[in-house]
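Scroll down for the structure; my scribbles are underneath it.
The values are calculated or read from the model by the stated rules, or taken from the named source; none is laboratory data. All of these numbers come straight from a predicted model, not from anything done at the bench. Cβ coordinates were reconstructed from backbone atoms using ideal geometry, including for glycine residues, and neighbour counts include every protein chain displayed.
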Amino acid sequence: MSKREKSIYGYFTPTAKKKKNEEVKEVNSGNSEESARGVNSTTPSVSRQGNTSESIHPVEPATSRNQAELGVPKEQPKNAVLEEIRKIFPAGASNLHHHNYYTCGEQNCNKLSEAEVLRFSSNRTPDRFVHSWLGDESLSFCQTTGIFWLIYEEGQGMYCFLCKKHNTENAKNKSKVYNSTPSVRFKKSALKDHSTSQQHKDAIEAEMLSRVSQFHNEVTEKEKVKDAVLLNAFLAAYWLAKEEIANRKFSSLINLFKIVSPENMKYFNYSGEETVRSIFLAIGTVLMEKVLDNAKKAGCYGLLRDEVTDISVMEILS
């Protein structure tokens with residue numbers, strides 16, 4: 001028996017099998033010890049029968065990635081909020097001494113001016129505005145509206161974007177602090193008190209109602225002009241057919257209509273091949289019914305026919 005045959009034969013002998021099983025047990029034992037040690041680690045593993053391990057991952061914090069899964073409101077688009085801020089604060093919108101989360105983010109501003117810091121230093125009170133409050137979600141971010149509402153104007157004080165936008169006031173004393181009157185209580189507790197005040201809650205409610213109203217107005221306007229929009233789309237398709245222009249020019253013609261009549265055609269967002277095909281089929285059906293109706297009413301009629309060949313040189317009657 002050759003050396004190779006002996007090695008193969010020895011692998012299947014009872015002694016070799018026993019040795020191999022002992023090696024497998026040692027490996028499994030090592031894995032079990034590693035699994036047991038992993039229980040006290042950051043991401044522990046649970047060892048199960050058959051040397052199968054299952055990782056246990058720690059719970060992730062509520063970050064921007066999983067906010068949608070946890071039902072946390074998304075932050076509103078920065079450009080839209082910044083545009084509204086510029087409307088409400090027209091004088092201070094372009095002023096470098098006007099601070100809020102959106103303006104400072106656009107201008108890479110992270111501190112107050114030297115003149116404002118010097119003004120605070122000359123005051124006897126130790127309280128002063130901290131620039132980082134503007135981006136602190138626990139202080140100035142509204143979970144309901146998704147807006148950072150805190151605005152600070154140097155030399156004046158703190159304003160609330162929502163309260164100023166919707167002109168809310170204190171129901172008890174009719175004061176408009178954080179609205180037309182800036183707040184000069186530079187404390188975190190003052191910001192938290194305002195965020196839970198009835199004045200701020202009224203502003204949040206008004207903001208949410210305005211969003212619903214905008215959506216309702218858009219739906220109503222879309223329903224009002226839908227017939228005119230469809231008429232323009234069908235006229236565009238009919239004109240292409242009459243002028244023997246390629247169907248692929250339909251989207252280009254619709255885009256021209258959107259420039260000429262943006263108030264109506266902006267609601268027409270269907271220019272795919274299926275849409276164009278459906279429009280032409282609908283026009284063809286109407287024309288066919290009209291021709292058949294005229295033919296039935298006529299005493300006699302004639303047909304003009306012609307034969308053409310397609311790419312396969314097959315004659316087709318048209």
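A few notes on this one:
- A single member of PHE280, PHE250 is among the aromatic types (Phe, Trp, Tyr) and within 30 Å of ASN217 (Cα to Cα), and it is PHE250.
- The residue of the range 79-118 that is modelled with the lowest pLDDT, among those that are surrounded by 12 or more Cβ atoms within 10 Å (Cβ to Cβ) and of a type in the set (S, T, N, Q), is ASN95.
- Checked against (1) more than 19 Å from ALA282 (Cβ to Cβ); (2) in contact with a helix residue (DSSP H, G or I) (Cβ under 8 Å, 6 or more places away or on another chain); (3) among the aliphatic types (A, V, I, L, M), LEU256 meets all criteria but (2).
- Taking first residues from the range 281-293 that are more than 13 Å from ALA237 (Cβ to Cβ) and partners that are at pLDDT 90 or above, no Cβ contact under 8 Å between residues at least 6 apart in sequence or on separate chains turns up.
- PHE161 meets the conditions (1) without any contact (Cβ under 8 Å) to a residue 24 or more places away in the chain; (2) within 23 Å of ARG211 (Cα to Cα); (3) aromatic (Phe, Trp, Tyr) in every case but one. The failed one is (1).
- Considering the conditions (1) modelled with pLDDT under 90; (2) aliphatic (A, V, I, L, M); (3) in contact with a strand residue (DSSP E or B) (Cβ under 9 Å, 6 or more places away or on another chain), ALA171 is excluded by exactly one of them, (3).
- You will find that of SER132, SER121, the residue that is over 30 Å from LEU209 (Cβ atoms) and modelled with pLDDT under 90 is SER121 and no other.
- The residue that is nearest to PHE268 (Cα to Cα), among those in the range 193-233 that are in contact (Cβ under 8 Å) with a residue 60 or more places away in the chain and aliphatic (A, V, I, L, M), is MET208.
- Test result for ASP202, assigned to a helix (DSSP H, G or I), within 42 Å of the chain's Cα centre (by Cα) and at pLDDT below 85: no
- Filter result for SER189 (over 30 Å from PHE268 (Cα atoms), in contact with a Leu (Cβ under 9 Å, 6 or more places away or on another chain) and modelled with pLDDT of 90 or more): no
- Flag for LYS222 being over 30 Å from THR168 (Cα atoms), out of contact with any Gly (no Cβ under 9 Å at 6 or more places or on another chain), of a type outside the set (A, V, I, L, M) and modelled with pLDDT of 80 or more: no
- Taken as a whole, the structure places GLN214 among residues that are outside any loop (DSSP other than H, G, I, E, B), modelled with pLDDT under 90, within 30 Å of ASN170 (Cβ to Cβ) and among the polar types (S, T, N, Q).
- Residue count, the range 182-222 (criterion: small (Gly, Ala, Ser) and surrounded by 13 or more Cβ atoms within 10 Å (Cβ to Cβ)): 6
- Residue within the range 172-190 that is part of a helix (DSSP H, G or I) and out of contact with any Phe, Trp or Tyr (no Cβ under 8 Å at 6 or more places or on another chain) present: yes
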